[in-house]
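The values are calculated or read from the model by the stated rules, or taken from the named source; none is laboratory data. Bear in mind the structure is a predicted one, so any value in this text is a computation, not a measurement. Cβ placement follows ideal geometry from the backbone for every residue including glycine, while neighbour counts extend to all protein chains displayed. In case anyone asks, the SASA skips ligands and DNA or RNA and just uses the protein heavy atoms, side chains included. Shrake-Rupley method; radii C 1.70, N 1.55, O 1.52, S 1.80 Å.
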Amino acid sequence: MKKTLTISAAAIAAAIALAGCSAGPETASPDASITPGINHDSSGISSSPAPAASADFNDADTMFAQMMIPHHTQAVAMSDIMLKKEGIPDAVTLLAAKIKAAQAPEIEKMTGWLESWGQPTVMPTNMPSTHSMSGMMGGDGMAKLEAAQGTEAARLFLTQMIAHHEGAVMMAKTETTNGKNADAVQLSKDIVSSQEAEIQEMKDLLAPL
């Protein structure tokens, strides 16, 4: 777990830099500036100008955001690796671009939530072992993707990203069940829907390779 978190922290920093030069949002990531304010007041009545969202979240929401940010960040990093390669099937390149375009803004959104909730944007290092980020690539896996070329790179990317997406879907389903913040729960549902569809797409692309 500690090894994974170290890798994730490095990936987060890289993705934040990417977000700074991308058309605006996360897109990859880590976000921050474009995250809209969250105003959810369960009572429907607000007597304070402070963001109602700060009182409308629970530990599951916090954990979801803290874990999904590095998870998404690595997916963006993997996609960036593929987008720099030549000789990759067009369909795989388009998929990598789509993943980056979808997950970068979500990183910014989740980062903004944590900031508005007064919570750390980085997951605590003493997180219980039961709260793991499934599907994360280790350093060796990322190095292999960097070194691979052509069809081999496409095959490796698809295989790794399928596992990565499956882990994200598991995490998102936990948030759907246990989360309280309406926006966070909705994002978890969106992640399940979009990434399950991409998993099938990647399996179809992988078959003929």
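Miscellaneous remarks
- Charge tally in the Cβ shell below 13 Å around residue 162, where Lys, Arg are +1 and Asp, Glu are -1, residue 162 excluded: -3
- Distances between placed amide hydrogens fall under 5 Å for residue 180 paired with 58, 61, all partners being 5 or more residues away or on another chain.
- Loop-located trypsin sites (Lys or Arg not before Pro) in region 116-209 (DSSP state not H, G, I, E or B) with no more than 16 neighbouring Cβ atoms inside 10 Å: 180.
- Candidate lysines for bridging to residue 189, where Cα separation is under 19 Å - those fewer than 8 sequence places away on the same chain excluded: 98, 100, 109, 173, 180
- The Cβ shell under 15 Å around residue 85 holds other residues with a net charge of -1, Lys and Arg each +1, Asp and Glu each -1.
- Solvent-accessible area, 1.4 Å probe, carbon plus sulfur percent, for region 126-209: 52
- Remark: region 72-209 carries a charge dipole of roughly 120 debye about the Cα centre, counting +1 on each Lys and Arg Cβ and -1 on each Asp and Glu Cβ.
- Per residue, region 77-209 exposes an accessible area of 47 Å² to a 1.4 Å probe, with every protein chain left in place.
- Residue-by-residue Karplus 3J(HN,Hα) for region 67-76, coefficients 6.51, -1.76, 1.60, Hz, glycine and proline x: 8, 6, 4, x, 5, 4, 4, 5, 4, 5
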